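The values are calculated or read from the model by the stated rules, or taken from the named source; none is laboratory data. Model, not experiment: these values are computed from the prediction. Neighbour counts are summed over all protein chains in view; Cβ atoms, including those assigned to glycine, are modelled from backbone coordinates with ideal geometry. These area figures cover heavy atoms from the full protein model, side chains too; ligands, DNA and RNA do not enter into them. Shrake-Rupley method; radii C 1.70, N 1.55, O 1.52, S 1.80 Å.
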Amino acid sequence: MAEQDYLRWIRSKVGHEKIFFPACGAIIEDEEGRILLQQRADFGTWGIIGGMIEPGERFEETLRREIYEETGITKLSITGLLDVDTNPEIVYPNGDIVQTIDIVYLVKALEPLPHRELDDETLALKWVDPAHLEAYPLAFPTHLTFIHKYLQKRRELHH
């Protein structure tokens with residue numbers, strides 16, 4: 001069952017009530033040390049790449065599928081698990097309420113961002129120098145936490 005069909009089915013049972021939303025996300029880094037951000041169509045703000053785990057999927061399958069669907073990147077290296085955390089409550093513009101359970105990986109892009117049409121979830125994709133993150137308001141507080149953990153890990157590796 002595809003993600004949207006599964007969500008539609010759940011929402012047909014519970015309406016806008018809060019549901020658990022298991023998701024995989026990625027801090028995707030390029031050769032220059034920039035990270036890839038997605039401007040989200042639902043909130044208009046920025047975030048890391050990721051999405052809901054479909055029934056029957058393993059974490060890394062979700063990760064690769066979401067990265068491909070949202071960016072077109074197929075050549076990548078999953079270098080490790082960064083963090084597992086939760087957003088206790090997110091209210092989407094349509095009134096749906098979720099509590100995400102986020103499994104976030106570190107990923108190295110092994111190819112440039114392909115030129116392709118954006119999907120209905122994405123307004124823009126941009127490689128961002130982490131020193132300039134303040135110019136990109138993030139959709140969720142946990143995304144900033146994940147990025148800070150990534151930067152801390154990067155500092156530890158380079159010292």
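Details
- Looking at the stretch 53-159, the GluC sites (Glu not before Pro) that sit in a DSSP loop and have at most 12 other Cβ atoms within 10 Å of their own Cβ are GLU117.
- Shape analysis of the stretch 1-94 based on the Cα gyration tensor places the equivalent ellipsoid semi-axes at 25, 16, 13 Å, largest first.
- Average accessible surface for the chain: 55 Å² per residue, computed with a 1.4 Å probe over protein heavy atoms with every protein chain in place.
- Shown for the chain: the carbon plus sulfur share of the solvent-accessible area, taken with all protein chains present and a 1.4 angstrom probe, equals 54%.
- Viscosity 1.002 mPa s, 20 °C: Kirkwood-radius Stokes-Einstein D of the chain over Cα pairs, µm²/s: 133
- Normalised by the number of residues in the stretch 1-55, the mean separation of alpha-carbon contacts (under 8 Å, six or more apart) gives a relative contact order of 42 percent.
- Residues of the stretch 99-129 falling in the label zone of ALA41, defined by backbone nitrogen less than 20 Å from a point 7 Å along Cα to beta-carbon, are 114-127.
- Here the label points at ASP120 and GLU60, each 7 Å from Cα along the C-beta direction, are separated by 3.2 nm in the simple model.
- Computed about the Cα centre, the dipole magnitude for the chain is approximately 260 debye when only Lys and Arg (+1) and Asp and Glu (-1) carry charge, each at its Cβ.
- Links that overshoot a 20 Å alpha carbon limit, given the list LYS126/LYS153; LYS108/LYS153; LYS18/LYS149; LYS75/LYS108: LYS126/LYS153; LYS18/LYS149
- Whole-number percent relative contact order across the stretch 16-103, with pairs defined as alpha carbons under 8 Å at least 6 apart: 38
- The long axis of helix 141-157 is offset from the longest Cα principal axis of the chain by roughly 30 degrees.
- Beta bridge orientation in the chain: antiparallel %, DSSP, nearest 5: 70
- Backbone N under 13 Å from the GLN99 label point (7 Å along Cα→Cβ), restricted to the stretch 5-36: 18-22
- Loop-resident trypsin sites (Lys or Arg not before Pro) (DSSP state other than H, G, I, E or B) in the stretch 30-73 with no more than 11 further Cβ atoms inside 10 Å of their Cβ: ARG58.
- Cα gyration tensor category, rounded, prolate or oblate, for the stretch 80-159 with a/c compared to 1.5: oblate
- Rel. contact order, % - alpha carbon contacts under 8 angstrom, at least six apart, the chain: 31
- When you filter the trypsin sites (Lys or Arg not before Pro) in the stretch 97-134 for DSSP loop state and at most 12 other Cβ atoms inside 10 Å of their Cβ, you are left with ARG116.
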